[in-house]
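First up is the structure itself, then whatever we jot down about it.
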Amino acid sequence: MPAEEVVAQIETVKKNYAVGKLVEVVKPSAERVEPFCPLYENCGGCQLQHLAYAAQLKWKRKQVVDVLEHIGKISDVEVFATLGMENPLHYRNKMQFPVGRGKPLKIGCYARGTHDIIDATTCPIQNVGNDKILNAVRKVAAQFNLPPYDEDTHRGFLRHVMGRVGCDGELMVVLVTATKNFPAEKNFVRALRRELPNVTSIQQNVQTFRNNVILGRETRVLYGKPTIRDEIGGLKFNISARSFFQVNTSQAEVLYRTARDFAELRGHETIIDAYCGTGTIGLFMARRARRVIGVEIVSSAVADAKRNARENNIRNAEFIVGDAVKILPRLAEQDVRADVVVVDPPRAGCDKKVLETFAAMAPDKIIYVSCNPATLARDLAILATLGYRTKKIQPVDMFPFTSHVECVAQIVR
């Protein structure tokens, strides 16, 4: 940590930097604290439990400022203090844990830098509902002798356990399996329901490929409904097994409120939500705009978005299946002018063609929601060449005790 004196073992020396590992802290920082999780030293799920929470928020803002300067070559942007949580524990509404061999089965996060599974019965950043799912699946899988998947031999059955917790305590269990055939399926489901009386949905996702992708293409419902519900800012959302939904519900509201405030809506605007997913951001903004058009390449997500609009009685939002690079020029040909473009891309950021497509539509503002400051900085530099200026950035701590930080950028023409 900054200002610490340590003994370190240098393992790699490059032209501009060196990589080493900590051997001993000789003079600790005043901001160093004792990690609260007994698995922290080995587990790769969290990276910052040894840093006081207030200091984490400052460090995350600095991370954003640094990449803006070094990658984006941008220094005249107002970067606000990171918005943190009042209680930064038990915030994750979704877990995805690998399964490995053990008696009983090992289920937990990978050890840092490896594929060794750190067996866990509880995780302090997970919603307690996910802890219940974790332990129930471990117990029932042992009862039925379900073999864990071995990534070296490509044999076995159970690969991952995914859990989701909804706003009313609804639980979704997704069992990711290496084969479609599910041994003792009905008895397994019956036993799992006894362990989890309030489970709403039990599903099987089939992932037959020899890779590290967690979910496969086929999902089937074994019990209950295909979706659970969560709530952001008074809006209810249906979440399916494959849907993208922010894992920190309370901070998602902070994030979306910031995006809406940065859009500075007056009620007459047309908004294009270019990576709309299940429609969360677009629907959150719809009540302050004239029209929202969401574009998303995943058809099941668009089906969820349309359903979410109906169930929240929002009639000025429409959703289109397709690639934004192709759909947006088509909308422009139909004389659709976007006053505001909202974009919330994956960690890789936006393809340059996507950014050029946004600029060609000449919106007054682009609101960029990013989960990766490095690719955000790169994309802001590209937008600067296309006639847009980044005015302000608000970091939001969606993932306390990890190194990740989410940002909302206001970009003006």
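The values are calculated or read from the model by the stated rules, or taken from the named source; none is laboratory data. What you see is a predicted model; the values in this text were computed from it and never measured. Glycine also receives a Cβ, built like all others from the backbone with ideal geometry; neighbour counts cover every protein chain displayed.
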Having 3 or more residues that are at pLDDT 95 or above and charged (D, E, K, R) is the bar; report the helices (runs of 4 or more DSSP H) wholly within region 172-286 that clear it.
185-195, 249-263
Specify the residue that is farthest from SER240 (Cα to Cα); the eligible residues are those in region 275-317 that are of a type in the set (Ser, Thr, Tyr) and surrounded by fewer than 23 Cβ atoms within 10 Å (Cβ to Cβ).
TYR275
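Are any residues in region 172-192 farther than 16 Å from LEU215 by Cα and either surrounded by 17 or more Cβ atoms within 10 Å (Cβ to Cβ) or of a type in the set (A, V, I, L, M, F, W, C) (or both), and if so, which ones?
Answer for region 172-192, where residues must be farther than 16 Å from LEU215 by Cα and either surrounded by 17 or more Cβ atoms within 10 Å (Cβ to Cβ) or of a type in the set (A, V, I, L, M, F, W, C) (or both): PHE182, ALA184, PHE188, VAL189, ALA191, LEU192.
Results for (1) at pLDDT below 95; (2) under 21 Å from LEU57 (Cα atoms), shown as yes or no for each residue.
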{"position": "VAL354", "(1), (2)": "yes, no"}
{"position": "PRO363", "(1), (2)": "no, no"}
{"position": "SER370", "(1), (2)": "no, yes"}
{"position": "THR375", "(1), (2)": "no, yes"}
{"position": "THR385", "(1), (2)": "no, no"}
{"position": "ARG389", "(1), (2)": "no, no"}
{"position": "PHE399", "(1), (2)": "no, yes"}
{"position": "GLU406", "(1), (2)": "no, yes"}
{"position": "ALA409", "(1), (2)": "no, yes"}
In region 133-164, what count of residues is obtained for those that are surrounded by fewer than 19 Cβ atoms within 10 Å (Cβ to Cβ) and within 20 Å of LEU39 (Cα to Cα)?
1
So ALA348 ticks every box in (1) in a loop (DSSP other than H, G, I, E, B); (2) surrounded by fewer than 16 Cβ atoms within 10 Å (Cβ to Cβ); (3) out of contact with any helix residue (DSSP H, G or I) (no Cβ under 9 Å at 6 or more places or on another chain) but one. Which box is left unticked?
(3)
Of ALA241, ALA252, which residue is touching a residue at least 24 places away in the same chain (Cβ under 8 Å), touching a helix residue (DSSP H, G or I) at 6+ places or on another chain (Cβ under 8 Å) and of a type in the set (A, V, I, L, M, F, W, C)?
ALA252
Residue check, ALA362 crowded, with 18+ Cβ neighbours inside 10 Å and over 27 Å from SER250 (Cα atoms)
no
With the requirement that a residue be part of a loop (DSSP other than H, G, I, E, B) and in contact (Cβ under 8 Å) with a residue 60 or more places away in the chain, what does region 363-413 give you?
PRO363, ASP397, MET398, PHE399, PRO400, PHE401, THR402, SER403, VAL405
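Look at region 380-398 and say how many of its residues are more than 21 Å from LEU355 (Cα to Cα) and out of contact with any Phe, Trp or Tyr (no Cβ under 8 Å at 6 or more places or on another chain).
Matching residues across region 380-398 total 3.
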Does any residue of region 53-73 turn out to be crowded, with 19+ Cβ neighbours inside 10 Å, under 27 Å from ASP119 (Cα atoms), not aliphatic (A, V, I, L, M) and not assigned by TED's automatic domain parsing to the domain that holds LYS392?
yes
Candidate set from region 116-134 (those that are under 20 Å from the mean Cα position of the chain (by Cα) and without any contact (Cβ under 8 Å) to a residue 40 or more places away in the chain); member that is farthest from GLY166 (Cα to Cα)
LEU134
